[in-house]
Amino acid sequence: MNIIITGGAGFIGNHVVRLFVNKYPQDTIINVDLLTYAGNLANLSDIEDLPNYKFIKADITDYEAMRRVMRDNAVDGIINLAAESHVDRSIKDPFVFAKTNMLGTLTLLQAAKEYWESCPEKYTGKLFYQISTDEVYGALQLSNPEGIKGLGANHCAYGPDFFLETTKYNPHSPYSASKASADHFVRSYHDTYGMPIVISNCSNNYGPYQFPEKLIPLFINNIRNRRPLPVYGKGENVRDWLFVEDHARAIDLIFHNGKVAETYNIGGFNEWKNIDLIKVLIRTVDRLLGNPEGYSDELITFVSDRPGHDVRYAIDSRKISRELGWMPSLQFEEGIEKTVRWYLDNPQWLDNVTSGEYMRYYESMYGNRDVR
Ligand code: NAD
Ligand code: DAU
């Protein structure tokens with residue numbers, strides 16, 4: 001197969017590209033990425049020379065470019081991860097979120113429709129896979145802020161309810177509204193034109209190569225530089241955390257074995273109140289840096305809350321477990337240790353992406369290879 005993975009230079013994308021390139025040497029993996037501030041080809045330096053990997057710098061909102069990429073590469077499958085992904089940025093500048101997430105997805109769908117309908121076999125053997133988020137479902141209540149005692153590993157700790165595949169969309173931020181809108185377009189291309197599609201909605205990912213504007217890498221970087229840790233509101237919001245490689249494995253299973261037109265929820269059954277997670281992070285970073293316990297507690301700084309801050313996300317991922325046999329592989333403590341170690345072992349990566357150095361480097365390398 002010839003498979004386009006959009007956003008492959010971003011956080012989740014690089015893990016998906018790496019998995020597919022290594023696991024499916026007979027397939028060609030085409031990473032289509034605009035290399036915005038969040039895209040970094042250094043994330044893929046270990047596989048960039050493999051014969052079944054190809055990078056194309058292009059904008060998913062550029063219709064002519066997407067048509068050309070699909071035709072030139074005889075594309076069978078598309079996994080769309082390209083997006084503006086940070087909620088705080090969407091609050092400051094919603095337009096780029098509507099453009100990339102909504103219009104970009106629509107552009108890909110239309111280019112795929114045109115190309116696939118021109119093939120003799122039409123839609124047979126083709127798939128458009130949209131990577132979505134649990135944030136489209138809105139927010140759950142924090143019905144038991146103290147946690148349910150005796151349930152171990154933060155399993156179902158903060159409320160009796162979960163997001164199901166059938167939960168109605170109810171997005172609150174411009175980011176989640178743009179993702180919800182994209183998902184509706186994806187379903188409409190199945191229902192209207194018969195395009196084979198599949199969608200998955202995942203909870204918060206963590207792990208290596210995440211841009212340090214998101215909670216976990218931002219706080220690791222700030223602790224290492226002894227900068228304040230800005231905790232929004234009272235730090236009581238709850239997120240359900242999943243190690244990024246487990247998400248990549250789920251994407252692989254859904255792409256190859258998922259049922260067309262279905263939705264799959266992916267999550268870790270691993271809910272953490274932000275402030276508790278932050279305390280675990282501080283303890284881990286301090287221990288690995290050889291600091292005394294409690295050394296960085298003073299960096300915690302409570303700041304104004306994020307407007308429209310969703311109180312709690314929690315995914316019910318039993319469908320993908322039941323139907324495709326997927327389970328998270330890592331315990332949270334293990335995943336956090338691995339993650340903190342990775343950032344502390346790769347200070348150059350953190351320094352490069354925070355200085356903008358990598359963007360200047362890759363612009364000079366790839367600026368003239370844009371397909372437009
Ligand atoms: P990211 O911000 O780290 O990476 C996004 C990538 O998309 C970057 O490489 C960027 O250069 C590229 N991109 C942006 N605009 C583009 C455009 N117009 N054309 C081509 N490429 C463009 O994002 P991420 O955290 O890796 O998220 C990937 C996907 O997974 C997103 O669709 C996001 O909504 C979804 N998701 C993320 C999480 C999470 O916790 N990070 C959870 C669930 C779902
Ligand atoms: O749930 C899936 C979503 O998870 C993805 O769709 C998004 O792309 C991804 O960014 C993430 O969204 P969140 O808003 O949950 O992630 P973030 O890391 O920005 O914040 C996690 C929690 O920590 C959230 O409750 C806000 C809080 N926070 C975040 C930052 C950056 C802070 O308290 N302080 C901070 O500085």
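Brief remarks on what is shown
- Equivalent ellipsoid semi-axes, the range 262-319, via Cα gyration tensor eigenvalues times 5, rooted, Å: 30, 18, 7
- Take every pair of alpha-carbon atoms less than 8 Å apart whose residues are at least six positions apart; their mean separation over the length of the range 265-340 yields a relative contact order of 50 percent.
- Choice from 340, 280, 32 with maximal GNM fluctuation in the chain (Cα, 10 Å cutoff): 280
- Pairs over the 19 Å Cα-Cα cut-off, from the set 234/279; 92/179; 122/179; 99/259: 122/179; 99/259.
- Comparing 61, 354, 133 in a Gaussian network model of the chain (Cα springs below 10 Å), the most mobile by mean-square fluctuation is 354.
- The three principal axes of the C-alpha atoms in the range 179-282 carry coordinate ranges of 54, 26, 23 Å, sorted with the longest axis first.
- Tensor-based shape of the range 92-142 (alpha-carbon gyration tensor, a/c under 1.5 rounded, otherwise prolate or oblate): oblate
- When the solvent-accessible area of the range 252-372 is split by element, carbon and sulfur atoms take up 48 percent of it, the probe being 1.4 Å.
- Rounded to the nearest 20 debye, the dipole size of the chain about its Cα centre is 220 debye, using +1 on the Cβ of Lys and Arg and -1 on the Cβ of Asp and Glu.
- Take every Cα pair under 8 Å whose residues are at least 6 apart in sequence, average their separation, divide by the length of the chain, and the relative contact order is 19 percent.
- Overall, the accessible surface of the range 1-159 at a probe of 1.4 angstrom is composed of carbon and sulfur to the extent of 56 percent.
- Accessible area per residue, Å², the chain with all protein chains present, probe 1.4 Å: 42
- Each Cα pair under 8 Å and six or more residues apart adds its sequence gap; the mean of these over the residue count of the range 48-207 is a relative contact order of 29 percent.
- With coordinates expressed along the principal axes, the C-alpha atoms belonging to the range 280-350 extend over 46, 33, 25 Å, beginning with the largest.
- Simple spin-label estimate for residue 329 and residue 142 in nanometres, 7 Å along Cα-Cβ: 3.4
- In the chain, taking the dipole from charged Cβ atoms about the Cα centre, the farthest positive-side position among 8, 217, 19 is held by 8.
- Normalised convex hull volume, the chain, alpha-carbon set, Å³ per residue: 133
- Kirkwood estimate for the range 226-372, i.e. one over the average of 1/r between Cα atoms, Å: 18.5
- Over the chain: helical MRE at 222 nm, DSSP H runs n ≥ 4 each giving -39500 (n - 2.57), nearest 500: -12000 deg cm²/dmol
- The residue among 365, 196, 120 whose Cα reaches farthest toward the positive pole of the charge dipole of the chain, with charges on the beta-carbon of Lys, Arg, Asp and Glu, is 120.
- Taking a ≥ b ≥ c as the square roots of the eigenvalues of the alpha carbon gyration tensor, the range 13-71 is oblate, as a/c is not under 1.5 and a/b does not beat b/c.
- Positive-pole candidate from 55, 105, 37, dipole of the chain, charges at beta carbon: 105
- Whole-angstrom gap from the range 160-210 to the range 34-49, using each part's C-alpha centre: 25
- GNM top mover of 90, 304, 132 - the chain, alpha-carbon springs below 10 Å: 304
- D by Stokes-Einstein for the range 5-108, Kirkwood Rh over Cα pairs, 20 °C, 1.002 mPa s: 153 µm²/s.
The values are calculated or read from the model by the stated rules, or taken from the named source; none is laboratory data. It should be emphasised that the depicted structure is a prediction, and the values quoted were computed from it without experimental measurement. Because the Cβ atoms are built from the backbone with ideal geometry, glycine has one as well, and the counts that use them run over all protein chains shown. In case anyone asks, the SASA skips ligands and DNA or RNA and just uses the protein heavy atoms, side chains included. Shrake-Rupley method; radii C 1.70, N 1.55, O 1.52, S 1.80 Å.
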